[in-house]
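The structure's right below; bear with me while I get my questions together.
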Number of protein chains: 2
Amino acid sequence: MHKAWKDDPAVALAALPGTKLADIDPASTPGFKGDKKLGDKATGQQVLDAGRAQLTELQQRLYARGVEGDERRVLLILQGMDTSGKDGTVRHVVGSTHPEGVALTSFKAPTPWERRHDFLWRVSRRVPKRGMLGVFNRSHYEDVLIQRVHHLAPPAEIERRYGAINEFENGLAERGITMVKVMLHISPEEQKERLQERLDRPDRYWKYNPADVTERGFWNEYQEAYELAITRCSIDAAPWYVVPADKKWYARIAVQRLLVGALESLDLSWPPPSFDVQAEKKRLKQS
Amino acid sequence: MHKAWKDDPAVALAALPGTKLADIDPASTPGFKGDKKLGDKATGQQVLDAGRAQLTELQQRLYARGVEGDERRVLLILQGMDTSGKDGTVRHVVGSTHPEGVALTSFKAPTPWERRHDFLWRVSRRVPKRGMLGVFNRSHYEDVLIQRVHHLAPPAEIERRYGAINEFENGLAERGITMVKVMLHISPEEQKERLQERLDRPDRYWKYNPADVTERGFWNEYQEAYELAITRCSIDAAPWYVVPADKKWYARIAVQRLLVGALESLDLSWPPPSFDVQAEKKRLKQS
């Protein structure tokens, strides 16, 4: 772990039973010590750069082992309010690794076809294959977040889903899938600034959606829905992490570190050769 | 274009009618002027870094326009002998952009299910959606390369495929898909060294496949098959580029430049707002 960390984010950010989002400052930087001389942001950039090499190496090992039949994989599940930095996290944390080994799915509002199935159907089809680093940009949690806030499903159905999610994720864990579930936690003030930026910059208009302003009116309902999801669906095999995200540099290194930690826990050595190395050297020489 | 280029690779590397691969030195660096003080490799790194920002910006524009309904997209088709650097090109050229906007497909030996369909079936299903930068790591060209060399299809069928490919690619062009078809051109000596490295480094064993040495015995047949494919399937809408690839740094900046050039030719401005900017500013302020 980089020396700028004083505590492992996996410990500092793990959601505890009864987590209250209101008690977590979105501008805080848990576990981060920083470097007084260099300043926090510049230190964060150094940590991100160093972590890239580490993440890329670990991801390559995972991929290589997958090629050789190892069934394990890692799945990052990213949730957060609009503008909380999901896309940027994908780009700056995952974007530096080998595209071949990354399976990214961005879940949008379900299509009519998807709606005809159980809410877990479309998600289960996108579970990463062996050796892959999977990323869900939004996920099945939308079905207990936006759907709860806007009463898009009856209360009993929402209630059923928490249990269904736990069962589903326990099943994934049994199949060798290590999940890292992240909520990017921003403040309404920070969101306002980020939306303002999208309205101020013509190269950001396309990221702006008038519905995002409407949704701001449901801020408290969303926070409640997140708290419930985090409390009801933090299982040993798939804990939730609440990552303060008002500071983008912090959110990125925190998610990166969580991913690196998950990969390290798999203790991935390079796979042994599936051929006779000396014999192949001889064959190659003669070729 | 970076000042280290004296000629646009799109001109310097375009395959001409009757292209003979034997006449193209795999260790050459067409169009590249370099910088005497800095040295070629270091200059190449600078060019690559500068190109990353450019490619990422253009790709974001393409993606943003796609969100707004623009049907255009770009497809990089990568071919080359084993170890020619296809994976490395994907990682170092495409890997720096936004994962959300990249659709990468690596084509392996066709599955029994794929074999039951026409050879273009599996490829047509992976054509990038609008706004995407698509990448084919290997492609439908395998069906006139390995299949020709090893007589996996009757001569008349191979013959039919050249025409079918041209028709297919013309159809893609009509739908707004700009193709960049690249053959990474290495020498048998360079391949030998790269295979040797995979046998010398335990972290590269997984990349080694004994069949690659067997395939070296068919080098000339492959070169012939490539020449034929390049000659028969260089259409105006989808030209072939032969990229000398013994020097990895050169191959990367050349492919990067070809991609940037293709994107520049689309003249992609940021999409106009699909909402009333002033009204939204007011709404946001009041939210």
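Going through the stretch B:104-117 one residue at a time, which ones are closer than 20 Å to B:I177 by Cβ and either touching a helix residue (DSSP H, G or I) at 6+ places or on another chain (Cβ under 7 Å) or modelled with pLDDT under 95 (or both)?
Across the stretch B:104-117, the qualifying residues are B:L104, B:S106, B:F107.
Follow-up question, since we're still on this one. Of A:L38, A:L21, A:L76, which residue is within 14 Å of chain B (Cβ to nearest Cβ) and either within 28 Å of A:I230 (Cβ to Cβ) or of a type in the set (A, V, I, L, M, F, W, C) (or both)?
Criteria check complete, one pass: A:L76.
State whether one or more residues within the stretch B:78-91 are among the hydrophobic types (A, V, I, L, M, F, W, C) and without any contact (Cβ under 8 Å) to a residue 60 or more places away in the chain.
Yes - at least one qualifying residue is present in the stretch B:78-91.
Taking the residues in the stretch A:157-196 that are in contact with a strand residue (DSSP E or B) (Cβ under 8 Å, 6 or more places away or on another chain) and in a helix (DSSP H, G or I) as candidates, determine which candidate is nearest to A:K86 (Cα to Cα).
A:E169
If the Cβ limit is 9 Å and pairs must be 6+ apart or interchain, which residue in the stretch B:259-270 that is among the acidic types (D, E) pairs with which residue that is assigned to a helix (DSSP H, G or I) and surrounded by 17 or more Cβ atoms within 10 Å (Cβ to Cβ)?
B:E264/B:Q54; B:E264/B:L58
Restricting attention to helices (runs of 4 or more DSSP H) lying wholly within the stretch A:197-287, give those where 3 or more residues are farther than 20 Å from A:H140 by Cα and not aliphatic (A, V, I, L, M).
By residue number, A:210-216, A:248-264, A:277-286.
Just for helices (runs of 4 or more DSSP H) wholly inside the stretch A:1-95: which have at least 3 residues that are among the hydroxyl-bearing types (S, T, Y) and closer than 27 Å to A:E189 by Cβ?
Per the criteria, no element qualifies.
Does any residue of the stretch B:35-43 turn out to be hydrophobic (A, V, I, L, M, F, W, C), out of contact with any strand residue (DSSP E or B) (no Cβ under 6 Å at 6 or more places or on another chain) and in contact (Cβ under 8 Å) with a residue 12 or more places away in the chain?
Looking through the stretch B:35-43, none of the residues is hydrophobic (A, V, I, L, M, F, W, C), out of contact with any strand residue (DSSP E or B) (no Cβ under 6 Å at 6 or more places or on another chain) and in contact (Cβ under 8 Å) with a residue 12 or more places away in the chain.
Pick from B:E193, B:E142, B:E167: which is within 28 Å of B:D25 (Cα to Cα), surrounded by fewer than 17 Cβ atoms within 10 Å (Cβ to Cβ) and either touching a Lys or Arg at 6+ places or on another chain (Cβ under 7 Å) or of a type in the set (D, E) (or both)?
B:E193
Continuing with the same structure: Hey, among B:A173, B:A254, which residue is away from every other protein chain (no Cβ under 14 Å), of a type outside the set (D, E, K, R), crowded, with 17+ Cβ neighbours inside 10 Å and at negative phi?
Going through B:A173, B:A254 in turn, the sole match is B:A254.
While we're on this one: Collect the residues in the stretch A:185-211 that are more than 9 Å from chain B (Cβ to nearest Cβ) and either among the β-branched types (V, I, T) or touching a Leu at 6+ places or on another chain (Cβ under 7 Å) (or both), keeping them in residue-number order.
Listed by number, the residues that qualify are A:H185, A:I186.
Using beta carbons and a limit of 9 Å, which pairs, at least six apart or on different chains, have the first residue in the stretch B:59-73 and more than 8 Å from chain A (Cβ to nearest Cβ) and the second one among the basic types (K, R) and in a helix (DSSP H, G or I)?
Within 9 Å, the pairs are B:R72/B:R65.
The values are calculated or read from the model by the stated rules, or taken from the named source; none is laboratory data. All values derive from a computational prediction rather than experimental measurement. Cβ: placed from backbone, ideal geometry, glycine included. Neighbour counts: every protein chain shown.
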